[in-house]
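Okay, so here's the structure we're looking at.
The values are calculated or read from the model by the stated rules, or taken from the named source; none is laboratory data. All values derive from a computational prediction rather than experimental measurement. Here Cβ is always computed from backbone atoms with ideal geometry, including for glycine, and neighbour counts include all displayed protein chains.
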Amino acid sequence: MKIIVAIKQVPERDAQVRIDSSGKWIEESDVQYAMNESDAYALEEALQLKEKHAGEVIVVSAGPERVGTTIREALAKGADRAIHIDCDDLAQRDALGVARLIADAIRTENADLVLTGLQSDDLGYGQTGVILAELLGVPHSTLILHVEKTDTGLKVKRELEAGWFQEIELPLPAALTIQSGGNKLRYATLMGIKKAKTKEMRVVNAADLGAPAAPVAALESIELPKKQRSTQIIPGDAKAAAATLVEKLKFEVRVL
Amino acid sequence: MTSLSATLAEPQHFSLPEKLLFLVLVIASAALFWRRFGPILHKILQSRKDPDFHLAPIGRRVWNFFTEVICQVKVIQQRPLPGLAHAFVFWGFCAFALVTLNHAAVGFGIGFLDPAAWYGRIYFYLAAAFAVACAIGIAGLFIRRFFVRPRWLGQKVSSESGIIAGLIFLLMVTYLAAFFTTDAAPAARVLWWIHTLTLLLFLPLIPHTKHLHLVLSPATIFLSRDGFSQIPPLVGDEDFGLVTGKDITQLVSLQAYSCVECGRCTEHCPATNTGKELNPKEVILGMRAYLNGPGPASELPILTGEGGVYVSQKAVFQCTTCGSCEFQCPVGIQHLPIIVGLRRGAVNTGTWEDDYGSKLFNQLERGSNALGISALERDKFIQKQELPIFDGTQEYCLWLGCMGGYDPKGREIVAAFARVMNFLGSSYGVLKKEKCTGDPVRRLGNDLLFQQLAEENLKNLAQNKVKKIVSICPHCVRTIQEDWKAYGAPPEIEHHTEFMARYADKLPRIADSGVPQVSRLRPGNETADDARSVTGHDFSRAESAEKKDWALAPAKSEKIVFHDPCYLGRYRNVYDQPRELIQITGTLVEAPRHRERSFCCGAGGGLAFLGEETGERVSHARAKELVATGATTIGTACPFCNTMFRDALGEMNGTAPQLLDVAQLIARNLGG
């Protein structure tokens with residue numbers, strides 16, 4: 001099975017971001033970068049499928065030169081080779097623009113399966129994978145927690161709201177967007193990194209791919225979340241207060 | 001001429017057949033010795049060279065050899081009675097070297113120590129005194145091994161060591177008996193032959209038994225790696241740690257063959273003592289079994305879980321890296337480079353599969369701290385605590401570490417120490433951003449991640465122009481000072497107890513009445529109430545806990561037991577400073593195991609992040625011991641120990657003593 005995983009490099013989870021002078025993006029020099037979380041799960045799913053059914057895992061990522069470190073991390077974890085779409089204006093491209101870049105870069109690979117995270121941790125459009133499927137002309141399914149190969153194609157488990165799941169079957173080739181948490185992520189190893197040095201990383205220039213750079217949906221501005229805190233004192237005896245607290249955590253804060 | 005000889009009797013005039021027989025026996029004995037010892041030596045020499053080995057500084061090596069081998073300091077200090085018995089046997093052997101040479105020379109008629117001459121007389125009497133001591137010593141060790149049978153000697157009592165003990169005893173007795181006969185008496189000849197045969201039987205037995213340490217351990221101690229728990233660098237693209245025989249270095253081989261199976265490592269191991277699979281002695285013997293089996297050129301894995309059968313992977317990951325084994329070992333075995341080396345092999349090649357471990361690694365691959373908490377929480381803490389930000393102008397960078405930045409109890413320690421620094425008027429600041437020093441991943445053997453963390457931190461410190469660091473965490477201190485060296489030059493660093501001890505005479509002392517004897521820097525009513533009501537900070541999670549902790553008014557009569565953190569004590573040799581500080585604010589009491597013999601809290605070696613232990617919890621075992629001292633307060637100097645004991649004490653019945661870091665003990669005297 002030939003599997004392509006589209007990964008994105010995003011600011012590190014704890015990054016303290018500043019908005020740049022254009023007001024449309026963050027000061028990139030301030031932050032350190034890491035692999036987008038759900039993309040890491042997409043990669044893990046691909047690696048597990050390869051371990052079970054043999055084949056090849058190819059990672060593709062668009063972005064400037066710094067994206068190389070994230071690509072090498074993916075190679076270290078076990079991907080076989082990589083395609084780096086070199087472009088400096090990723091943040092200005094909309095989901096369609098990015099999907100076009102990726103589709104153009106991977107079309108000739110004729111992969112059996114294309115995986116990507118369900119959304120990016122920075123822009124969070126959640127559309128790139130779906131549009132990519134459309135551009136490649138393959139069926140897709142989103143929010144996938146588990147993938148199983150069957151004789152005719154795939155059986156996948158989707159996560160719905162409120163603890164509901166849906167299992168669907170679809171033929172190959174296909175594209176899936178992967179939800180975080182379905183598998184346990186492997187860690188990058190020293191041996192993996194050393195092996196990664198010898199693996200192929202093909203760099204293609206975004207301009208050469210022919211996809212138009214002008215976005216259909218342009219980003220107007222971004223802003224930092226407003227800090228707000230509200231403290232509530234829950235009255236009553238411990239038992240009643242605890243019940244109220246659970247109620248609030250469940251339905252107001254929605255963390256339970 | 002049957003009167004009692006005044007000196008050692010030596011048989012005279014050996015016949016030619018006698019001489020020939022003796023010669024044949026000597027050659028046979030030596031050949032048998034070499035037949036076993038030769039291959040061992042070959043295996044040691046055939047092992048990979050240690051990339052970081054330097055003979056310099058030679059002074060340290062000579063000193064170690066003098067104290068540990070010649071003077072038997074460690075052997076005696078750590079196990080006085082058996083140690084002394086062993087020392088007598090050892091010194092007896094040393095004194096006997098010349099006697100034995102002369103004894104053999106007599107057989108060929110070329111004896112050089114004349115028993116009748118004054119020097120011979122003096123030497124033989126001296127040797128006789130050692131012989132008596134040696135005989136008593138070996139008899140004592142025999143009784144201990146076969147009748148007292150301490151459990152760390154293992155289930156199986158080796159019969160060879162009984163035979164060896166018998167032979168040594170016989171050597172001494174036959175020597176001493178020769179004082180009671182004359183040169184011409186047949187008895188002298190019989191004694192000479194019994195002594196000779198005993199010697200010739202003893203020699204080939206040495207390399208077959210743990211008595212191999214007679215030959216190897218002096219070299220092992222002399223050649224041991226510099227520093228404590230020093231993890232050697234990985235060299236080249238094929239080095240991932242101890243995976244197969246090809247990774248075993250000469251020092252590891254030498255150390256594995258030197259093990260005398262005394263079980264001191266076992267006796268002090270927190271894992272073994274709480275019913276876990278790990279027994280450091282078995283790790284070393286497993287390495288020896290590997291060398292005896294596949295050998296140093298083999299590509300077979302060492303660890304179980306990777307296809308090997310020699311050392312258990314599970315056991316290796318139960319080590320808290322407390323370093324008791326390495327500290328205790330009397331023959332110079334350095335367990336930690338071996339245990340961490342095996343972990344490196346498993347982690348660097350990805351064969352170690354552990355959900356907690358993977359989670360920790362993933363957290364540090366993308367996040368900043370080992371606790372997996374958002375870095376924003378650290379910012380909030382710094383703001384609430386009003387800690388100054390380091391801007392390059394201050395003298396000290398106060399390194400928070402993961403525990404100090406994110407753990408509620410660790411934050412209390414930072415807050416208390418900051419108050420002490422404010423009181424002393426120290427100039428300090430905290431970094432805007434910090435990453436984990438990499439201590440847990442270093443000890444777990446993840447070199448890739450450790451290198452990333454070390455390099456990022458070094459860069460950050462250099463950019464901020466940090467010259468001096470002080471930290472509340474002994475793990476951070478050790479890792480920054482020693483382990484980062486592989487990737488750059490870390491700034492000077494010290495532990496907060498070292499820092500505070502330097503200013504001990506400026507810190508307020510507690511009087512018998514409980515009122516700190518100090519002129520306050522700020523006006524206020526000097527009452528005990530005042531001293532205890534001050535907490536200095538107000539972050540919500542820890543507040544209630546702190547109020548409870550500080551409910552006891554400090555008084556000189558307060559009994560405080562100090563728990564030596566492994567990474568402060570054995571790793572850094574800091575024992576006196578925290579004690580000096582505790583005596584400022586209470587009465588120091590000692591736990592049965594303290595200073596170099598302190599028993600781990602269970603958190604080290606990355607184990608704090610690996611979930612539930614099997615068997616009894618190490619922290620519970622130690623907490624019980626500390627509580628049993630009757631102290632009203634447990635003093636700690638490491639946020640990991642603190643958090644481990646907090647949990648352990650919480651689960652104990654009865655009133656638990658209060659638990660405070662040394663910084664908190666000092667800070668409570670500072671008043672408002």
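Assorted remarks:
- Those helices (runs of 4 or more DSSP H) lying entirely in segment B:571-672 with at least 2 residues closer than 26 Å to B:ASN273 by Cα: B:618-627, B:639-650
- Helices (runs of 4 or more DSSP H) fully within segment A:140-252 counting 2 or more residues that are away from chain B (no Cβ under 14 Å): A:206-209, A:238-251
- Taken over segment B:396-431, the criterion of being in a strand (DSSP E or B), aromatic (Phe, Trp, Tyr) and without any contact (Cβ under 8 Å) to a residue 60 or more places away in the chain is satisfied by B:TYR428 alone.
- Those strands (runs of 3 or more DSSP E) of segment A:1-43 in which at least 3 residues are crowded, with 21+ Cβ neighbours inside 10 Å, considering only elements entirely within it, cover A:2-6.
- Complete set of residues in segment B:136-157 that are touching a residue at least 12 places away in the same chain (Cβ under 8 Å) and closer than 24 Å to B:TRP91 by Cβ: B:ILE136, B:GLY137, B:ILE138, B:ALA139, B:GLY140, B:LEU141, B:PHE142, B:ARG144, B:ARG145, B:PHE146, B:PRO150, B:LEU153
- With respect to the conditions (1) under 28 Å from B:GLY162 (Cβ atoms); (2) part of a loop (DSSP other than H, G, I, E, B), B:ASP226 falls short on a single one, namely (1).
- Count of residues meeting criterion [in contact (Cβ under 8 Å) with a residue 24 or more places away in the chain, outside any helix (DSSP H, G or I) and surrounded by fewer than 17 Cβ atoms within 10 Å (Cβ to Cβ)] in segment A:107-138: 2
- Every condition in (1) in contact (Cβ under 8 Å) with a residue 40 or more places away in the chain; (2) outside the structural domain of A:SER61 (by TED's automatic domain parsing) holds for A:SER230 except the one numbered (1).
- Verdict on A:ALA218 being more than 30 Å from B:LEU242 (Cβ to Cβ) and hydrophobic (A, V, I, L, M, F, W, C): yes
- Residue pairs meeting the criteria (Cβ under 6 Å; at least 6 apart or on separate chains; first facing another protein chain (nearest Cβ under 7 Å), in segment B:363-376; second assigned to a loop (DSSP other than H, G, I, E, B)): B:ARG366/A:ARG13; B:GLY367/A:ARG13; B:GLY367/A:ASP14; B:SER368/A:ASP14; B:SER368/B:LYS435; B:SER374/A:ASP14; B:ALA375/A:ASP14; B:ALA375/B:SER368
- With respect to the conditions (1) farther than 26 Å from A:LYS77 by Cβ; (2) polar (S, T, N, Q); (3) away from every other protein chain (no Cβ under 14 Å), B:GLN383 falls short on a single one, namely (3).
The rows are residues; the columns are (1) over 37 Å from the mean Cα position of the chain (by Cα); (2) outside the structural domain of B:HIS213 (by TED's automatic domain parsing).
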{"residue": "B:LEU8", "(1), (2)": "yes, yes"}
{"residue": "B:LEU21", "(1), (2)": "yes, no"}
{"residue": "B:PHE33", "(1), (2)": "no, no"}
{"residue": "B:LYS43", "(1), (2)": "no, no"}
{"residue": "B:PHE53", "(1), (2)": "no, no"}
{"residue": "B:ILE58", "(1), (2)": "no, no"}
{"residue": "B:VAL62", "(1), (2)": "no, no"}
{"residue": "B:ILE70", "(1), (2)": "no, no"}
{"residue": "B:LYS74", "(1), (2)": "no, no"}
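- Answer residue from segment B:332-360, given it is crowded, with 24+ Cβ neighbours inside 10 Å, among the β-branched types (Val, Ile, Thr) and in contact (Cβ under 8 Å) with a residue 60 or more places away in the chain and is nearest to the other protein chains (Cβ to nearest Cβ) among those: B:VAL347
- For segment A:51-89, filtered to residues that are part of a helix (DSSP H, G or I) and in contact with a helix residue (DSSP H, G or I) (Cβ under 7 Å, 6 or more places away or on another chain), the residue that is surrounded by the most Cβ atoms within 10 Å (Cβ to Cβ) is A:ALA74.
- Reported count of residues in segment B:107-128, each being in contact with a helix residue (DSSP H, G or I) (Cβ under 8 Å, 6 or more places away or on another chain) and at negative phi, is 12.
- Residue-level analysis places B:HIS13 among those that are on the phi > 0 side of the Ramachandran plot and out of contact with any Cys (no Cβ under 7 Å at 6 or more places or on another chain).
- The lone exception for B:LEU431 - which of (1) surrounded by 21 or more Cβ atoms within 10 Å (Cβ to Cβ); (2) closer than 30 Å to B:LEU649 by Cα; (3) within 14 Å of chain A (Cβ to nearest Cβ); (4) touching a Phe, Trp or Tyr at 6+ places or on another chain (Cβ under 8 Å) it fails: (2)
Listed here are the residues, each with its yes/no results for (1) at negative phi; (2) in a helix (DSSP H, G or I); (3) crowded, with 17+ Cβ neighbours inside 10 Å.
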{"position": "B:THR7", "(1), (2), (3)": "yes, no, yes"}
{"position": "B:LYS19", "(1), (2), (3)": "yes, yes, no"}
{"position": "B:ARG36", "(1), (2), (3)": "yes, yes, no"}
{"position": "B:LYS43", "(1), (2), (3)": "yes, yes, yes"}
{"position": "B:PHE53", "(1), (2), (3)": "yes, no, no"}
{"position": "B:GLY59", "(1), (2), (3)": "yes, yes, no"}
{"position": "B:TRP63", "(1), (2), (3)": "yes, yes, no"}
{"position": "B:PHE66", "(1), (2), (3)": "yes, yes, no"}
{"position": "B:VAL75", "(1), (2), (3)": "yes, yes, yes"}
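So that you can scan it fast, the table gives a plain yes or no per residue for (1) in contact with a Leu (Cβ under 7 Å, 6 or more places away or on another chain); (2) modelled with pLDDT under 95:
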{"residue": "A:ASP122", "(1), (2)": "no, yes"}
{"residue": "A:GLY137", "(1), (2)": "no, no"}
{"residue": "A:VAL156", "(1), (2)": "yes, no"}
{"residue": "A:GLU161", "(1), (2)": "no, yes"}
{"residue": "A:TRP164", "(1), (2)": "no, yes"}
{"residue": "A:ALA174", "(1), (2)": "yes, no"}
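- Flag for B:THR393 being away from every other protein chain (no Cβ under 13 Å), outside any helix (DSSP H, G or I) and surrounded by 23 or more Cβ atoms within 10 Å (Cβ to Cβ): no
- Subset of segment B:275-314 (residues that are β-branched (Val, Ile, Thr), buried (at least 23 other Cβ atoms within 10 Å of the Cβ) and not in a strand (DSSP E or B)): B:VAL283, B:ILE284, B:ILE302
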